[in-house]
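The values are calculated or read from the model by the stated rules, or taken from the named source; none is laboratory data. Predicted model only: the values in this text are computed from it and were never measured. Neighbour counts are summed over all protein chains in view; Cβ atoms, including those assigned to glycine, are modelled from backbone coordinates with ideal geometry.
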Amino acid sequence: AQRVTQPEKLLSVFKGAPVELKCNYSYSGSPELFWYVQYSRQRLQLLLRHISRESIKGFTADLNKGETSFHLKKPFAQEEDSAMYYCARGDSNYQLIWGAGTKLIIKP
Amino acid sequence: DVKVTQSSRYLVKRTGEKVFLECVQDMDHENMFWYRQDPGLGLRLIYFSYDVKMKEKGDIPEGYSVSREKKERFSLILESASTNQTSMYLCASSSPDRAGQFFGPGTRLTVL
């Protein structure tokens with residue numbers, strides 16, 4: 001089955017520490033990958049796309065085709081980064097295949 | 001800015017009631033989606049539509065139907081609500097340029 005796996009349901013780190021949210025996908029071709037974020041009481045919103053190779057709010061994600069991973073990283077976590085993070089892969093008919101999400105908690 | 005709006009933020013219904021959830025987007029997007037979001041399960045696709053009057057079943061269509069009479073509006077219908085349909089329902093839209101999906105604020109539905 002075509003899957004997106006986020007192995008951690010919950011990740012808790014201290015403010016100022018590095019953060020890495022893991023995402024692995026199963027797909028044999030060139031994937032379209034996304035990270036979405038949902039802050040408390042806010043709508044789900046796009047954080048970044050691998051195709052644009054951008055850095056948003058200090059987060060970056062690199063596609064590693066060999067490991068079929070698209071981990072989300074930030075060198076120094078901030079309290080406002082606490083949120084639910086979802087990794088998703090684009091499908092051929094405009095759908096997204098979603099991971100189960102990782103809840104990130106930044107401790108002060 | 002893409003705006004996706006949903007008719008209600010919170011809704012409480014009784015078992016057996018017919019429930020309508022409405023979603024409107026203002027960016028002329030062809031594709032629209034209905035998901036339910038449950039803790040630990042992520043987002044599960046109920047139905048999607050890639051054009052007016054077109055619909056496709058997602059992963060969990062049972063107990064739901066949809067309607068897309070106009071491009072900007074995509075409705076989710078629970079024909080006879082059941083307690084296991086208590087959930088957060090998210091609507092999204094996207095364009096064919098694969099820029100990602102844009103989401104509404106969600107409707108938290110409770111079925112008693």
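Values for this structure:
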{"quantity": "Any hit, the stretch A:3-26, residues being in a strand (DSSP E or B), within 11 Å of chain B (Cβ to nearest Cβ), within 21 Å of A:ASP62 (Cα to Cα) and free of Cβ contacts under 8 Å to residues at least 60 places away in the same chain", "calculated": "no"}
{"quantity": "Filter result for the condition that a residue is more than 13 Å from chain A (Cβ to nearest Cβ) and within 24 Å of A:TYR36 (Cβ to Cβ), over B:SER7, B:SER49, B:SER67", "calculated": "B:SER7"}
{"quantity": "Criterion violated by A:ALA61 - all others in (1) in contact with a Pro (Cβ under 9 Å, 6 or more places away or on another chain); (2) buried (at least 16 other Cβ atoms within 10 Å of the Cβ) satisfied", "calculated": "(1)"}
{"quantity": "Number of the exception - A:PRO7 against (1) within 22 Å of B:ASP38 (Cα to Cα); (2) surrounded by 14 or more Cβ atoms within 10 Å (Cβ to Cβ); (3) at pLDDT 90 or above", "calculated": "(2)"}
{"quantity": "Residue in the stretch A:69-90 that is nearest to the other protein chains (Cβ to nearest Cβ), counting only those that are of a type in the set (D, E, K, R) and touching a Phe, Trp or Tyr at 6+ places or on another chain (Cβ under 9 Å)", "calculated": "A:ARG89"}
{"quantity": "Cβ-Cβ under 7 Å pairs, at least 6 apart or on other chains, the stretch B:90-105 side at the interface with chain A (Cβ under 7 Å from one of its Cβ atoms) and at positive phi, far side of a type in the set (D, E, K, R) and surrounded by 16 or more Cβ atoms within 10 Å (Cβ to Cβ)", "calculated": "B:ARG98/A:GLU32; B:GLY100/A:ARG49"}
{"quantity": "Search result, residues across the stretch B:10-24 that are farther than 16 Å from B:TYR35 by Cβ and not hydrophobic (A, V, I, L, M, F, W, C)", "calculated": "B:TYR10, B:LYS13, B:ARG14, B:THR15, B:GLY16, B:GLU17, B:LYS18"}
